[in-house]
1. I want to confirm something. Restricting to region 23-35 and keeping residues that are of a type outside the set (D, E, K, R) and part of a loop (DSSP other than H, G, I, E, B), which single residue is surrounded by the most Cβ atoms within 10 Å (Cβ to Cβ)?
2. Among the residues of region 36-59, write down those that are touching a residue at least 24 places away in the same chain (Cβ under 8 Å), among the hydrophobic types (A, V, I, L, M, F, W, C), part of a helix (DSSP H, G or I) and out of contact with any Gly (no Cβ under 9 Å at 6 or more places or on another chain).
Amino acid sequence: MHTFYRPIFINTPSIMITPERPVLKGTSRYSSSQAAEVLGIHRNTLLKWANEGKVSFRTARNGRRYYFGLELMRVWREEHR
């Protein structure tokens, strides 16, 4: 019989976006993985923020999300105020 443990998070650090200003083209489209990499965060964090409305995205015909460079810069600037 296996015992499963649930992790307990105490003093979980806040998520840090990369301190370096990302190099982005404003009108270019970025996939979820590309956008997360540019911001220096995990892809799941980006998806969570999109679901919460913190970052806007578009949906392609194939159902995949993509993000514009201007929106990613806005999010980066907001985190570095």
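We did not get these values from a lab; they are worked out from the coordinates using the rules stated. Being a predicted model, the structure only gives us computed values, none of them experimental. Don't worry about glycine lacking a Cβ; one is built from the backbone with ideal geometry, like all the others, and counts go over all protein chains shown.
1. Going residue by residue through region 23-35, those that are of a type outside the set (D, E, K, R) are 23-24, 26-28, 30-35.
Right, trim to part of a loop (DSSP other than H, G, I, E, B) and you get 23-24, 26-28.
Details: Val23: 8, Leu24: 20, Gly26: 10, Thr27: 8, Ser28: 13.
If we take residues in region 23-35 being of a type outside the set (D, E, K, R) and part of a loop (DSSP other than H, G, I, E, B), then Leu24 is surrounded by the most Cβ atoms within 10 Å (Cβ to Cβ).
2. Matches in region 36-59: Leu39, Trp49.
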